[in-house]
Amino acid sequence: MGGHAQPDIVTQENWEAAIEKLRVKEKELTRSHDALNAMRRQLPMVKVEKSYAFESENGKVSLLDLFDDRKQLIVYHFMFAPDAEAGCPGCSWVTDAMSHPAHLHARDTSIVLVSRAPLEKLMQYKQRMGWDLPWVSSFGSDFNYDFNATNDDGENHVASVFLRNGEDIYRTYYTDQRGVEHLGSHWTWLDLTPYGRQEPWEVAPEGWPKGEMFWDKRHDEYGS
């Protein structure tokens, strides 16, 4: 190991005993996460009263357009200031680890990156990084300021979650700072939404949508 310190070397029996001791704590953490996610699904929400316009690859779009006719929307506020030459390295890590959007679409959820940099810069960086996720510019609007992503100190990385009822839009949740560290699979992204994974075992309010337990497919197998 190149002279570096390393864990103690023990017998197979002692190693398995140590693993089982750790496993108890891991199971406790899993149950705590389940309870926290259930609490998140039952949060109240606040109506979005303002209208916002974004620049996309297909022209001007609204916040409602970002749902792409789905019920839920996750916005990752990617730190990319208008005068920056490249996107935030930390946000790039988060985006590298994001799910293929087909898995979220299967649960009626869209995901979009939003930054203040002009669209041309975003598209150049998107091509450089090899990403396929939709990315829009909020340049010239109050969107970042209204949703905790830009303040007097500069840009902030935030994950915001929205739910729509017809054309009415509500913000249900957001997290920032170290709250985004554990994200990176379609399960953890869906855990942020009010409807969650929509699996039968989840604790959720009456009337919340439920689907099959084993619903995940390869991203090209969901169909329409």
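The values are calculated or read from the model by the stated rules, or taken from the named source; none is laboratory data. The structure presented is a predicted model; accordingly, all values stated were derived computationally and were not measured. Note that each Cβ is placed from the backbone with ideal geometry, even for glycine, and that neighbours are counted across all protein chains shown. Please note that ligands, DNA and RNA were not included when accessible areas were found on the heavy atoms of the full protein model with its side chains. Shrake-Rupley method; radii C 1.70, N 1.55, O 1.52, S 1.80 Å.
Side notes on the structure shown:
- Residues in segment 191-224 that are free of Cβ contacts under 8 Å to residues at least 12 places away in the same chain and either under 20 Å from the mean Cα position of the chain (by Cα) or not in a loop (DSSP other than H, G, I, E, B) (or both): 1 in all.
- Members of segment 108-142 that are open to solvent by less than 20 Å² (accessible area, probe 1.4 Å) and in contact with a Lys or Arg (Cβ under 9 Å, 6 or more places away or on another chain): T109, S110, L113, S115, L133, W135, S137, S138
- Those residues of segment 25-67 which are of a type in the set (F, W, Y) and over 15 Å from D146 (Cβ atoms), in sequence order: F67
- Residue tally, condition of a type in the set (S, T, N, Q) and surrounded by fewer than 21 Cβ atoms within 10 Å (Cβ to Cβ), over segment 143-162: 3
- The strands (runs of 3 or more DSSP E) located wholly in segment 32-131 that include 1 or more residues which are in contact (Cβ under 8 Å) with a residue 60 or more places away in the chain and within 27 Å of V203 (Cβ to Cβ) occupy 72-77, 109-115.
- Candidates are the residues of segment 45-62 that are under 17 Å from P194 (Cβ atoms) and of a type outside the set (D, E, K, R); the one that is surrounded by the most Cβ atoms within 10 Å (Cβ to Cβ) is V48.
- Of all residues in segment 167-192, those satisfying the criterion of being at pLDDT 95 or above and open to solvent by 40 Å² or more (accessible area, probe 1.4 Å) are E167, D168, Y170, Y173, Y174.
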